[in-house]
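These notes are about the structure you will find just below.
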Amino acid sequence: ALYRPGPLDSGMADTYVERRHGREEVVYLFEELEPVLEETYGVILYQEQVMKIAGVLANYSMADADGLRKAMGKKIVAMMEEHRELFLKGAGENNHDLKKAAELFDLMEKFGGYGFNKSHSAAYALIAYQTAYLKANFALEFIAALMTSERSNSDAVIKYMDECRSHNIKVLPPDVNKSDAHFTVSEECIRFGLAAVKNVGEAAIESIVETRNTEGEFDGIYDFCERVNVSKVNKKVLEALIKCGAFDSSSALRSQMMAVLEDALDHGSRIQKEKADSQLDLFADSDMGTALPISIPKLPDIKEWDENMLLSLEKESLGFYITGHPLDKYKDIIQKYASVSSISIQDQVDEKIIRISGIIKPLKLHKTKKGDMMAFAAIEDQSGFVEVVVFPNLYAKTHILLADEEIVILEGEVQKKENIVKLIANKIVPIEQASRVWTNGILIEVDTHDASSDILDRLKAVIEKYPGDCATCLKLKINDKPSVLVKLSDEYMTCSDPSFFKEVENMTGEGTIETKCAPIKEKQKKRKPWLNKKNGN
């Protein structure tokens, strides 16, 4: 046939390639289609082909064929049903097999979701070839150019940063001594452009880059304020540059620089006014005309902000995290208890129950007709975010988490409509409590050779001290023999309390206890009511 997707067939493109190279036979549902589809090996690729097929097989006029093209392109269901009847009627008038004609119409309808006219297809193919070549041979320059073109779109930049991570390309933060206006390639890395920093305008960037190129790199925040045009690089600009880490190469702490921000601007303004004061030239030949040097103040002896504060301010000035992410320190927990990310969730089927980790943020609060509060929220991880609906019952239990924008693991149901994915939240748990909520098994490894003779009795006492709902297993290592796995009876079920883990590891060694994540329960399908045979209902 033309193109029938099967369990091993990944799509129209693969069918075309296989036929193009002679690895798959080129066949046609109707012999009249050969002149129309010969150049594309029997695969419908272009809108013009759909129009010709309708004309050849079903006696469509050019106007009707164009109407079919529009209906397919816009996916207008009612119009497509009208065209189905018209197509089958015309095929019948030409004595064609109506079953095969219906199959052909189904293929054409499926094609409507991705088909273009021939000129557009050729243009897109050329662009795809060019960009694939650039990515394969000049990946750094190519991605840097993409990030520059999307610098004002945080979601797009995050996507490209994720692409960089997948290709082991390091993305460096903005730097007043290294960055240009746009993203650039530097030492096999991509350097952030200053234009990507919020509140840093074109005039400020020009002053920074021009000063650096003519007078050399900046030694620190005071030297920076002495030399750049402070009428263009104002307080708001300087704040943003400090928060995003653009002065980190000076070795000063961000907290120190923020504490002296206004003093540094005053210092720079004073120095520049004195340099511009022409009255000093009246006494240039005498000691009276020599300006006294102004010493650069020392930075205050204060601690750096904590990691959460650093990352929060970094995101405020850039729109995303770059030197780290709040989820990084929970990597092991996320790997164990979350089943999807904001990227992989796109591949999940509708109504699938999943777990995802991230920062939960309220987008909009809503009062129901009953007067209960619910929330439309988002959960954000390193790669993006997913919209979440939190209904009243769950909102009443978890509204504090939403208010504080906590790091959580959320269990919910995927709601998928076309390419848009949302979640209906079933459970929202602070990430520190994920082990307690979703652990259903504990595995303790015991090396009997190194342990004392009473190790099992001591373990028994600790397990009894921490009863719970988790099945307990022992993995016994006996000399050089294969390990023996022993499942303890239900009376020795325990819990995932951190204190329990600590006491066990004090006896058996660090890293000898492992938790098993409870499987995600699938959504129960609603049962259809029994048929009433007597009434025929």
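Loop-located chymotrypsin sites (Phe, Trp or Tyr not before Pro) in the stretch 168-269 (DSSP state other than H, G, I, E, B) with a sparse environment of at most 12 neighbouring Cβ atoms within 10 Å are absent. The phi-based Karplus calculation (6.51 cos²θ - 1.76 cosθ + 1.60; θ = phi - 60°) puts the 3J(HN,Hα) values of the stretch 332-342 at 5, 5, 4, 4, 7, 9, 8, 9, 9, 10, 5 Hz, whole numbers, x for Gly and Pro. The phi torsions of the stretch 177-187, fed into the Karplus equation with coefficients 6.51, -1.76 and 1.60 and a -60° offset, translate into couplings of 9, 10, 7, 9, 5, 9, 5, 10, 8, 9, 6 Hz, rounded to whole numbers, with Gly and Pro shown as x. Residue separation of Asn59 and Ala128 scaled by 0.36 nm, minus their Cα-Cα distance, works out to 21.2 nm of gained length. Estimated from the Cβ-Cβ distance and a Förster radius of 51 angstrom, the FRET efficiency linking His21 and Lys331 is about 0.70. Under 5 Å between amide H atoms, partner at least 5 residues away or on a different chain: which partners does Gly42 have, H built in plane at 1.01 Å? Residues meeting the criterion, in which the H sits 1.01 Å from N, do not exist here. Using a Förster radius of 45 Å, what is the FRET efficiency between Asp263 and Met373 based on their Cβ-Cβ separation? Nearest 0.05, please. The value I calculate is 0.45. Probing with 1.4 Å while keeping every protein chain in the model, the per residue accessible area of the stretch 102-200 equals 53 Å².
Considering only DSSP states other than H, G, I, E and B, which trypsin sites (Lys or Arg not before Pro) in the stretch 357-442 qualify as loop sites with at most 14 other Cβ atoms within 10 Å? Walk me through the intermediate numbers first.
Working: sites: Lys364, Lys367, Lys369, Lys370, Lys397, Lys416, Lys417, Lys422, Lys427, Arg436; in loops: Lys369, Lys370.
Of the trypsin sites (Lys or Arg not before Pro), the ones in loops of the stretch 357-442 whose Cβ has at most 14 other Cβ atoms within 10 Å are Lys369, Lys370.
Within the accessible area of the chain, what % is carbon and sulfur when the probe is 1.4 Å and the other protein chains stay in place? Present the calculation step by step, with values, prior to reporting the outcome.
Working: 16260 of 31810 Å².
Of all accessible area on the chain, carbon and sulfur atoms account for 51 percent.
Just report the Cα centroid separation between the stretch 54-133 and the stretch 386-422, whole Å. Result: 40 Å between the Cα centres. Normalised by 2.2 N^0.38 Å, where N is the number of residues, the alpha-carbon radius of gyration of the chain equals 1.39. Extending 7 Å from Cα along the Cβ direction at Thr323 and again at Asp14 yields two label points whose distance is 4.6 nm. Pairs exceeding a 24 Å alpha-carbon distance, out of Lys397/Lys422; Lys460/Lys487; Lys74/Lys110; Lys465/Lys487; Lys74/Lys367: Lys74/Lys367.
For the stretch 385-427, the set of GluC sites (Glu not before Pro) satisfying both a DSSP loop assignment and a count of at most 10 other C-beta atoms within 10 Å is given as Glu418. Remark: the stretch 439-526 carries 67 Å² of accessible area per residue (probe radius 1.4 Å; ligands, DNA and RNA excluded). Using 21 Å as the Cα-Cα cut-off, could you pick out the over-long pairs in Lys135/Lys170; Lys135/Lys329; Lys170/Lys336; Lys364/Lys427? Check vs 21 Å cut-off fails for Lys135/Lys329; Lys170/Lys336.
If I take all pairs of Cα atoms in the stretch 87-138, what percentage of them are more than 15 Å from each other? Roughly 65 percent, once rounded to a whole number.
When peptides 350-361, 457-468 are ranked by their average number of other Cβ atoms within 10 Å per residue, the highest-first order is 350-361, 457-468.
The values are calculated or read from the model by the stated rules, or taken from the named source; none is laboratory data. Here the structure is a predicted model, which is why all the values come from computation and not from measurement. Don't worry about glycine lacking a Cβ; one is built from the backbone with ideal geometry, like all the others, and counts go over all protein chains shown. All accessible areas refer to the heavy atoms of the entire protein, side chains included, with ligands and DNA or RNA removed. Shrake-Rupley method; radii C 1.70, N 1.55, O 1.52, S 1.80 Å.
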